[in-house]
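The values are calculated or read from the model by the stated rules, or taken from the named source; none is laboratory data. As the structure is a computational prediction, the values presented were derived from the model and not from experiment. A quick note on method: Cβ atoms are made from the backbone with ideal geometry, for glycine too, and the neighbour counts reach across all protein chains shown.
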Amino acid sequence: MVWTTFKVGVLFALGLVAGGCGFFAREEAPVDFWQPVLDPQEQRLAYIAKGDKTYALFVLNLAEGTERLLVQMDRDIVYPSWSPDGDKLAFMGIQEKDNWDIFVVEVATRSLFRVTTDPAVDANPSWTASGSIVFNSNRGGRWAAFLVNPDGTGLRRLSFDRSTKP
């Protein structure tokens with residue numbers, strides 16, 4: 001209960017900082033082109049926008065001007081990140097209530113894979129040059145940086161507990 005209240009408070013505060021952006025305060029108009037990221041070849045733009053029922057992941061072909069819905073889930077999606085080869089996108093999404101995890105989608109096929117399944121919040125995925133995904137998580141009650149392969153294997157903690165600096 002305390003954790004859920006904390007998360008709601010953080011999201012509310014972020015909404016205020018963002019100027020009441022529709023992503024956080026549903027009374028506003030939907031946000032288009034939220035969290036835009038270019039693919040490595042700078043030919044496609046991935047972004048978050050309002051889908052049929054929640055915020056979804058879209059890809060815009062910049063040369064053609066065509067938009068394609070890539071992923072729509074029952075709950076919102078945030079923080080897309082392109083793989084180094086431009087074939088996949090990692091993002092943060094929810095399938096169970098209050099459980100943010102990391103997902104990967106193959107852009108060509110729309111094949112979706114859930115990379116993490118921990119009940120902690122797994123956030124802010126970013127691809128490394130070698131093709132792994134680095135992300136934040138509050139596993140064990142403290143925020144830390146983790147690395148995982150896009151198939152969910154090889155999970156390891158990268159950071160130390162700052163309260164007990166090495």
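General remarks:
- Segment 89-120: number of residues that are crowded, with 22+ Cβ neighbours inside 10 Å and in contact (Cβ under 8 Å) with a residue 60 or more places away in the chain: 1
- Residue in segment 58-77 that is surrounded by 15 or more Cβ atoms within 10 Å (Cβ to Cβ) and farther than 20 Å from I102 by Cβ present: yes
- G154 vs. criteria free of Cβ contacts under 8 Å to residues at least 40 places away in the same chain and either outside the structural domain of R44 (by TED's automatic domain parsing) or surrounded by fewer than 16 Cβ atoms within 10 Å (Cβ to Cβ) (or both): yes
- D74 being acidic (D, E) and either in contact with a helix residue (DSSP H, G or I) (Cβ under 8 Å, 6 or more places away or on another chain) or assigned to a strand (DSSP E or B) (or both): no
- Only a single criterion out of (1) at pLDDT below 95; (2) surrounded by 13 or more Cβ atoms within 10 Å (Cβ to Cβ); (3) closer than 15 Å to L112 by Cα is not satisfied by K50, namely (3).
- Test: residue in segment 95-116 that is at pLDDT 95 or above, under 22 Å from G140 (Cβ atoms) and part of a loop (DSSP other than H, G, I, E, B): yes
- Filter pass, D76 being more than 15 Å from the chain's Cα centre (by Cα), modelled with pLDDT under 95, in the same structural domain as G93 (by TED's automatic domain parsing) and not hydrophobic (A, V, I, L, M, F, W, C): no
- Of the residues A145, A123, the single one that is more than 17 Å from L38 (Cα to Cα), out of contact with any helix residue (DSSP H, G or I) (no Cβ under 7 Å at 6 or more places or on another chain) and crowded, with 16+ Cβ neighbours inside 10 Å is A123.
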